[in-house]
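Student: One structure, pasted below without further comment.
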Amino acid sequence: MRDHDLRRRAVGEMHLRRWPLLPVPCLIVQWILLLDAAERSAERELLLPRSNPEAVSDNPSHLEGELGPGIRFAWERHSEGSSFSLFCTNANGDDFVDPFRNPPLAKAIRWAESLPGDVVRSTRIWIAATDADAEKLLPALYLNTDELVSCHIGGAIRMWSDFRLKDDGFGRLLLAANGADRRDVTRQVQRLQELGNYRNRALLGLPIAQRYWPQLDAAEDRLRTLAARVADSDERDDALLDSLTVLSLELATISTAIDFRMDATKAYAQLVEERLEQVDGRPIDGFASLADFTQRRFRPAINTCLSTTHRVTRLAVRAEQLSSLLRARIETRIENQNAQLLRSMERSVSMQVRLQQLVEGLSVVALSYYLLGLIAYVLKGLPEGALGIGKDVLLAILVVPLMGLIWLVTTLVKKRLLHDQPS
């Protein structure tokens, strides 16, 4: 027996996105990165020396290790980038507000920020023991009170955030465990982070959709103009076909440019909806809930992305339909021209046949005339009364038989020539 090449990868896939059991209180710092192929290799080379050997052999897409006393990390490779999380168990609320006041934590953050990749999201998370402990930190976070989201998740756990970037490039997420089981806290915090991470990844498609929307407006106007031109029988078909071909190529280029990002946006949006349902946020009076925030900001953005995809597809279909109509018109015109050409050729052939028959008739008369002339010369050499009949009378008698004979010979020769022609 042999292990399948993908066995370990398949089993490891079922254990991705694992977080260690979180203590309360706890500080978490997380980065979501996008990387190219070269950066993926460089990232793994930097992480392997600091990773636990068991984690390396257990799952190639998940690494974990330590960066200092009380500071653990977890790294995970995704289909599009990676995530890197720091878990600091020896921190306090002041370290959450300013992590660089804690030297080991500051060193770990600086090392993490040396990893390759483009940051899609970076968040600092503090898990306090109670609501009272968490609310003591709120004034120091300078959260936007007009957009503050707060609700209960998974029972007694409560969260606060305005989901905005601060001057240091990090977002802030504050939670209170309120006596919940550590496993429930770990699970809910991870789901809450995944909700935000997938939300940011999904929203990467919005700027692309907005960038191509004016081009689609222009393409739709051109398509409308071309439809009117196709309906005009005086328009040149070749010019119309060239214009439609250029438009179809432009739409195909746009579709190629946005398909991957829009498909990824659709997939991430579905994950956001699933995580939102799993978090099960329950609103608190006076605050926006996660569902309210998502309904107001996220879903309209996703609808714009989906509309862009549908619009490109719809315009491409309309352009193809218009091209089909134009090709049908061109084929109809070609068939009409061919029919006219065939009728003209038929008239020409008919005239040629008639001329040929006329020539054949004249040829019989001409040959008969020349043959009678030769016979007349022969008769002149004969003495008078040698044939027992007058020479003129004899010539008159021979006219009709000679013409019939020449016509018969001409007809036989023509049939023989036509029969010998290759088919």
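The values are calculated or read from the model by the stated rules, or taken from the named source; none is laboratory data. Everything numeric here is computed off the predicted structure, so don't read it as measured data. As a convention, Cβ positions derive from the backbone with ideal geometry for all residues, glycine included, and neighbour counts pool all protein chains shown. Quick note on the areas: whole protein, heavy atoms, side chains included, nothing else; ligands and nucleic acids left out. Shrake-Rupley method; radii C 1.70, N 1.55, O 1.52, S 1.80 Å.
Student: If you rank Lys166, Lys266, Lys136, Lys414 by how much accessible surface each has, with a 1.4 Å probe, what is the order from largest down?
Tutor: Lys136, Lys266, Lys414, Lys166
Student: Ranked by accessible surface with a 1.4 Å probe, highest first, in what order do His62, His78, His152, His419 come? Numbers along the way, then the final one.
Tutor: On the way: His62 0, His78 30, His152 55, His419 155 Å².
Largest accessible area first, the residues go His419, His152, His78, His62.
Student: So, one more: Testing the spin-label approximation: label points 7 Å from Cα along Cα→Cβ at Val119 and Glu360. State their distance in nm.
Tutor: 9.9
Student: Using a 1.4 Å probe on the protein heavy atoms, what percent of the accessible area of the chain belongs to carbon and sulfur? Kindly include the intermediate steps, with their values, before the conclusion.
Tutor: Working: 13930 of 24570 Å².
Of the solvent-accessible surface of the chain, carbon and sulfur hold 57 percent.
Student: Further, regarding this structure: Could you please state, rounded to a whole Å, how far the C-alpha centre of segment 118-155 is from the C-alpha centre of segment 313-370?
Tutor: 84
Student: Cβ under 12 Å from Asp36's Cβ, Asp36 left aside: what net charge do those residues give with Lys, Arg +1 and Asp, Glu -1?
Tutor: Summing Lys/Arg as +1 and Asp/Glu as -1 gives -3.
Student: Would you compute, from DSSP H runs of 4+ residues alone, the mean residue ellipticity of the chain at 222 nm, taking -39500 (n - 2.57) per run and dividing by the full residue count, rounded to the nearest 500? Let's see the in-between values first.
Tutor: On the way: 12 runs with 258 residues, N = 423.
Calculated from helices alone, the mean residue ellipticity at 222 nm is -21000 deg cm²/dmol.
Student: Next question. Report the charge-dipole magnitude of the chain in Debye, nearest 20, computed about the Cα centre from +1 at each Lys and Arg Cβ and -1 at each Asp and Glu Cβ.
Tutor: 1040
Student: For the peptides 345-351, 393-399, 100-106, what is the packing order when you average, over each peptide's residues, the other Cβ atoms within 10 Å and list the highest mean first?
Tutor: Ranking the peptides 345-351, 393-399, 100-106 by packing returns 100-106, 393-399, 345-351.
Student: Work out the charge dipole of the chain with +1 on the Cβ of Lys and Arg and -1 on the Cβ of Asp and Glu about the Cα centre, then indicate which of Ile208, Leu138, Ala128 is farthest towards its positive end.
Tutor: So the residue furthest toward the plus end is Ile208.
Student: List the residue ranges in the chain for DSSP H helices whose C-alpha atoms run 18 angstrom or more along the long axis and whose Kyte-Doolittle average is 0.0 or above.
Tutor: Span-like helices in the chain: 237-279, 299-380, 391-420.
Student: Rule-of-thumb check for segment 57-206: C-alpha Rg over 2.2 N^0.38 Å? Display every interim value, and only then the final one.
Tutor: On the way: Rg = 15.5 Å, N = 150, 2.2 N^0.38 = 14.8 Å.
Rg over 2.2 N^0.38 Å, computed on Cα atoms: 1.05.
Student: I want to make sure I understand the PRE zone here: with the label point 7 angstrom from the Cα of Ala106 toward its beta carbon, which residues in segment 133-149 have backbone N atoms less than 18 Å away?
Tutor: In segment 133-149, the label zone of Ala106 (backbone N under 18 Å from the point 7 Å along Cα→Cβ) covers no residue.
Student: Residues of the chain: accessible area per residue at 1.4 Å, in Å²?
Tutor: On the way: 24570 Å² over 423 residues.
Counting only protein heavy atoms, the per-residue value for the chain is 58 Å².
Student: When the chain is fully extended, how far beyond the present Cα-Cα distance does Arg211 get from Ala239, taking 0.36 nm per residue of separation?
Tutor: Taking 0.36 nm per residue and subtracting the Cα distance, the gain is 7.1 nm.
Student: Starting from 0 in steps of 20 Å, tell me what percent of the Cα-Cα pairs of the chain lands in each bin.
Tutor: Result, from short to long distances: 18, 31, 16, 10, 8, 9, 6, 2 percent.
Student: Further question on the same structure: Note down the nm distance, to one decimal, between modelled labels 7 Å out along Cα→Cβ at Arg183 and at Glu277.
Tutor: Label at Arg183, label at Glu277, 2.4 nm between them.
Student: Could you pull out every one of the lysines with an alpha carbon less than 21 Å from that of Lys136, ignoring same-chain neighbours closer than 8 positions?
Tutor: Lys166
Student: Also: What is the magnitude of the charge dipole of segment 172-220 about its Cα centre, with +1 placed on the Cβ of each Lys and Arg, -1 on the Cβ of each Asp and Glu, and no other charges, expressed in debye to the nearest 20?
Tutor: Details: 8 positive and 5 negative charges, 71 e Å.
I would put it at about 340 debye.
Student: Also, quick follow-up: Only four residue types carry charge here, +1 at the Cβ of Lys and Arg and -1 at the Cβ of Asp and Glu. Report the dipole size of segment 309-365 about the Cα centre in Debye, rounded to the nearest 20.
Tutor: On the way: 9 positive and 5 negative charges, 102 e Å.
Using Cβ point charges on Lys, Arg, Asp and Glu, segment 309-365 gives about 500 debye.
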